[in-house]
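J.: Before I ask anything, here is the structure I am working with.
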Amino acid sequence: MAGENSAVSAGSLGAMMSGKKKQILTIPCELPALNQVLDAGKAHWSRYAKLKKEYSNLISILARIQLRPVQERVRIGFRWYCRNRRKDPDNICSAKKFIIDGLVSAGILQDDGWKQVSSFSDDFEIDAANPRIEVTISEIRNHKEYTS
């Protein structure tokens, strides 16, 4: 029995005790940066559409495996673990469009509008051995919580 409870992290335990629900999606790769997306769009509109569809579908599949649907308004935190520092942070985080569209497509978020999404945050780290993206979705229960 003790082994079952050891899987609960201190952060998730704190979230459960405070009544907030938090989920983390791990994307085990880097996504195209803004410059790559713009280059695809300049080459031909269909290349951008193909790129967006490919990565949004990937996120949708991962989200269905790792997450459950949310009904409340959310804050979304992105932690970008990059292979190196060659890309600027603002170029990297443009991929959140693919991620959020994938979350909507998977049915995790009802929509990506103002009623569903309160805010975003971005943090950047280097992990050459394991580049990835960790997306933390935190449900917000009432107005007071998301205005503070």
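J.: If residue 128 satisfies every condition in (1) under 14 Å from the mean Cα position of the chain (by Cα); (2) exposed (fewer than 13 other Cβ atoms within 10 Å of the Cβ) but one, which is the exception?
T.: With respect to (1) under 14 Å from the mean Cα position of the chain (by Cα); (2) exposed (fewer than 13 other Cβ atoms within 10 Å of the Cβ), residue 128 is out only on (1).
J.: Checking residue 142 against (1) closer than 12 Å to residue 72 by Cα; (2) out of contact with any strand residue (DSSP E or B) (no Cβ under 8 Å at 6 or more places or on another chain); (3) modelled with pLDDT of 95 or more, only one condition comes out false. Which one?
T.: Status for residue 142: all satisfied but (3).
J.: Might you let me know whether region 65-72 holds any residue that is among the basic types (Lys, Arg) and surrounded by 14 or more Cβ atoms within 10 Å (Cβ to Cβ)? Break it down stepwise before answering.
T.: Taking region 65-72 first, the residues among the basic types (Lys, Arg) are 68.
This time we only want the ones that are surrounded by 14 or more Cβ atoms within 10 Å (Cβ to Cβ), so: none.
The answer is no, given that none of the residues of region 65-72 is among the basic types (Lys, Arg) and surrounded by 14 or more Cβ atoms within 10 Å (Cβ to Cβ).
J.: State whether one or more residues within region 27-34 are in a helix (DSSP H, G or I) and more than 12 Å from the chain's Cα centre (by Cα). It would help to see each step written out before you state the result.
T.: Step one: of region 27-34, the residues in a helix (DSSP H, G or I) are 34.
Right, trim to more than 12 Å from the chain's Cα centre (by Cα) and you get 34.
Yes.
J.: Hey, another quick one. From (1) in contact with a Lys or Arg (Cβ under 6 Å, 6 or more places away or on another chain); (2) at pLDDT below 90, pick out the condition that doesn't hold for residue 28.
T.: With respect to (1) in contact with a Lys or Arg (Cβ under 6 Å, 6 or more places away or on another chain); (2) at pLDDT below 90, residue 28 is out only on (2).
J.: Among the residues of region 77-91 satisfying the criterion of being in contact with a helix residue (DSSP H, G or I) (Cβ under 8 Å, 6 or more places away or on another chain) and within 19 Å of residue 25 (Cα to Cα), which is surrounded by the fewest Cβ atoms within 10 Å (Cβ to Cβ)?
T.: The extreme case among them is 82.
J.: While we're on this one: Taking residue 69, is it more than 23 Å from residue 131 (Cα to Cα) and either at pLDDT 90 or above or under 13 Å from the mean Cα position of the chain (by Cα) (or both)? Walk me through how you get there before you give the answer.
T.: Values: more than 23 Å from residue 131 (Cα to Cα): yes; either at pLDDT 90 or above or under 13 Å from the mean Cα position of the chain (by Cα) (or both): yes.
So residue 69 fits the description; yes.
Here's the yes/no breakdown for (1) buried (at least 18 other Cβ atoms within 10 Å of the Cβ); (2) among the hydroxyl-bearing types (Ser, Thr, Tyr):
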site	(1), (2)
54	no, no
59	yes, no
75	yes, no
107	no, no
110	no, no
115	no, no
121	no, yes
137	yes, no
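J.: Would you mind telling me which numbered condition in (1) at pLDDT 95 or above; (2) touching a strand residue (DSSP E or B) at 6+ places or on another chain (Cβ under 8 Å); (3) under 17 Å from residue 24 (Cβ atoms); (4) surrounded by 12 or more Cβ atoms within 10 Å (Cβ to Cβ) residue 102 fails?
T.: Tallying (1) at pLDDT 95 or above; (2) touching a strand residue (DSSP E or B) at 6+ places or on another chain (Cβ under 8 Å); (3) under 17 Å from residue 24 (Cβ atoms); (4) surrounded by 12 or more Cβ atoms within 10 Å (Cβ to Cβ), residue 102 fails exactly one: (2).
J.: With the checklist (1) part of a loop (DSSP other than H, G, I, E, B); (2) over 14 Å from the mean Cα position of the chain (by Cα) in hand, flag the one item residue 51 doesn't pass.
T.: (1)
The values are calculated or read from the model by the stated rules, or taken from the named source; none is laboratory data. Nothing here was measured: the structure is a model prediction, and the numbers come from that model. Don't worry about glycine lacking a Cβ; one is built from the backbone with ideal geometry, like all the others, and counts go over all protein chains shown.
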